[in-house]
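The values are calculated or read from the model by the stated rules, or taken from the named source; none is laboratory data. In this text the structure is predicted, and so the values were computed from the model without any measurement. Cβ placement follows ideal geometry from the backbone for every residue including glycine, while neighbour counts extend to all protein chains displayed.
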Amino acid sequence: MTVERTLDAERLERYLNVAVPSIGPVSSAQQIEGGQSNPTYLVNASSGRYVLRRKPPGNLLPSAHAVDREFRVIRALKGSDVPVPNALCYCDDPAVIGTVFYMMDFVDGEIFRSPDLPGMSAEQRARIYDELNRVIAALHRIDPASVGLENFGKAGNYAERQIARWTKQYRASETDKIDAMERLIEWLPQNIPAEEEQTRIIHGDYRIGNVIFDRHELRILAVLDWELATLGNPLADFAYHCMPYRLPASLPNSVGGGDLAQLGIPPEAEYIKRYCARTGRESLRSFDFYAAFSMFRLAAILQGIRARELQGNASSAYAAEAGRKARPLAEAGWAQATRAAATRH
């Protein structure tokens, strides 16, 4: 089942007339790029522009595409030190547009797709990276109970539960055998670090392409795409965010092959040091393990995108390209696991 590129504006308007009457008449709702998992639409109305995020149609993996959880966390974080869009309404009636969805305000700003930030000056890159660091540290400082998210996920055993979950998701969407994934599926559960970080809200996909920057001040206006948010180990969240440092230069979104000093991008060690200072940590233990876990997890996600593309219900025109990255990413993850094993001896 394919994803509609345009939604029925009249049907959407009838719902919004009751749920959020201040939006007014809706003239169009057109899909925009950016959501690999949940289709995202720009809604034009008499009062301005808005964004709609919906579940894709068709048969979906269990617990995937949780737009209800996205809506909940965005609403909870409003007014915190983590900038988020203003959440307007959640619709649990699939009869309105075919699947459940939520609406939020449109945030006008700049989204940078590549972590090497082509076209920016070294000073601008330095400011952007420091801002990314500031916001993820702010997220990990928040006590979930202080924003009503104490039951947003389970406390403890985060890595164990996540490895089991993404192994199951990977198996459910497996198309071709990937040897590196098989090795990671065996190695990760046997090498979970003993220390457990304090449970915090984690974004799950915090990267440069999921934030909106003010075009002039280069500060973050909103963090987007909270579908994978839960309660868990903030170190795993931060390791995922730092993945561009560890990815081979042959893979997209890597900064490992560039001259970071010339680019103005802080080296990984300095970036980690800033995060530790902002979150009150002395250092980050077991970082290699969580780097391997992060690559395994993303490879499983990309495999799911590949499976949806083959089924015909992928939400992005770039699904096939994304799906092909699962194998090299898994191989990069196994390289991190080998590195983690070596540092233990």
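Of everything in the range 229-284 that's among the polar types (S, T, N, Q) and part of a loop (DSSP other than H, G, I, E, B), which residue is nearest to E197 (Cα to Cα)? Per the criteria, the residue is N233. Filter the range 1-17 for residues that are among the hydrophobic types (A, V, I, L, M, F, W, C) and either exposed (fewer than 15 other Cβ atoms within 10 Å of the Cβ) or assigned to a helix (DSSP H, G or I) (or both) and give the result. Within the range 1-17, M1, A9, L12, L16 qualify. Checking P25, P39, P21 one by one, the residue that is out of contact with any Leu (no Cβ under 6 Å at 6 or more places or on another chain), in the same structural domain as V84 (by TED's automatic domain parsing), within 25 Å of L228 (Cα to Cα) and not β-branched (V, I, T) is P39 and no other.
Would you point out the residue of the range 231-258, among those that are touching a strand residue (DSSP E or B) at 6+ places or on another chain (Cβ under 6 Å) and within 20 Å of S37 (Cβ to Cβ), that is surrounded by the most Cβ atoms within 10 Å (Cβ to Cβ)?
Filtering the range 231-258 down to residues touching a strand residue (DSSP E or B) at 6+ places or on another chain (Cβ under 6 Å) leaves 232, 234, 237.
Next, from what is left, pick out any that are within 20 Å of S37 (Cβ to Cβ): 232, 237.
On the way: G232: 24, D237: 27.
Only one residue tops the list, namely D237.
Of all residues in the range 111-135, exactly one satisfies the criterion of being of a type in the set (V, I, T) and not assigned by TED's automatic domain parsing to the domain that holds K273, namely I111.
Contact map, the range 252-271: first residue within 23 Å of A330 (Cβ to Cβ), second residue small (G, A, S) and assigned to a loop (DSSP other than H, G, I, E, B), Cβ cut-off under 7 Å, separation 6 or more or different chains; pairs are N253/S114; G256/A249; G257/A249. Of the residues making up the range 150-187, those that are modelled with pLDDT of 95 or more and in contact with a Leu (Cβ under 7 Å, 6 or more places away or on another chain) are F152, I163. Here the condition is being among the aliphatic types (A, V, I, L, M) and either over 18 Å from the mean Cα position of the chain (by Cα) or more than 24 Å from D8 (Cβ to Cβ) (or both); of V84, V67, it holds for V84 alone.
Taken over the range 166-191, residues that are part of a loop (DSSP other than H, G, I, E, B) and surrounded by 14 or more Cβ atoms within 10 Å (Cβ to Cβ) amount to 3. Scanning the range 213-237 for residues that are of a type outside the set (F, W, Y), over 12 Å from the mean Cα position of the chain (by Cα) and farther than 17 Å from R285 by Cβ turns up D214, R215, H216, E217, L218, R219, I220, L221, A222, L231.
Is it the case that R127 is touching a helix residue (DSSP H, G or I) at 6+ places or on another chain (Cβ under 6 Å) and not polar (S, T, N, Q)? Break it down into steps so the answer makes sense when it comes.
Numbers: touching a helix residue (DSSP H, G or I) at 6+ places or on another chain (Cβ under 6 Å): no; not polar (S, T, N, Q): yes.
Judged against the criteria, R127 is not a match.
A single member of Y240, Y290, Y271, Y245 is closer than 24 Å to V147 by Cβ and within 20 Å of the chain's Cα centre (by Cα), and it is Y240.
Pairing each residue of the range 154-182 that is closer than 15 Å to F296 by Cα with any residue that is surrounded by 13 or more Cβ atoms within 10 Å (Cβ to Cβ) and among the aromatic types (F, W, Y), provided the two are 6+ apart or on different chains, yields C-beta distances under 6 Å for A180/W334.
Might you check whether a residue that is of a type in the set (D, E, K, R), within 25 Å of P118 (Cα to Cα), at pLDDT below 95 and surrounded by fewer than 21 Cβ atoms within 10 Å (Cβ to Cβ) occurs anywhere in the range 192-215? Among the residues of the range 192-215, at least one is of a type in the set (D, E, K, R), within 25 Å of P118 (Cα to Cα), at pLDDT below 95 and surrounded by fewer than 21 Cβ atoms within 10 Å (Cβ to Cβ), which makes the answer yes.
With respect to R69, determine if the residue is part of a helix (DSSP H, G or I) and assigned by TED's automatic domain parsing to the domain that holds R14. Yes; evaluated as a whole, the condition is true for this residue. Restricting attention to the range 153-165, the residues being in a loop (DSSP other than H, G, I, E, B) and surrounded by 19 or more Cβ atoms within 10 Å (Cβ to Cβ) number 0. Surrounded by fewer than 24 Cβ atoms within 10 Å (Cβ to Cβ), assigned to a helix (DSSP H, G or I) and modelled with pLDDT under 90: is that true of A335 in this structure? No, not satisfied. When the range 18-50 is filtered for residues that are of a type in the set (V, I, T), surrounded by fewer than 22 Cβ atoms within 10 Å (Cβ to Cβ) and not in a helix (DSSP H, G or I), the ones remaining, listed by number, are V20, I32, T40.
The single condition among (1) farther than 30 Å from D143 by Cβ; (2) at pLDDT 95 or above that L77 does not meet is (1).
With L149, L132, L88 as the choices, which residue is assigned to a helix (DSSP H, G or I), in contact with a strand residue (DSSP E or B) (Cβ under 8 Å, 6 or more places away or on another chain), among the aliphatic types (A, V, I, L, M) and crowded, with 19+ Cβ neighbours inside 10 Å?
Working: L149 fails: assigned to a helix (DSSP H, G or I); L88 fails: assigned to a helix (DSSP H, G or I).
When all the criteria are applied, what remains is L132.
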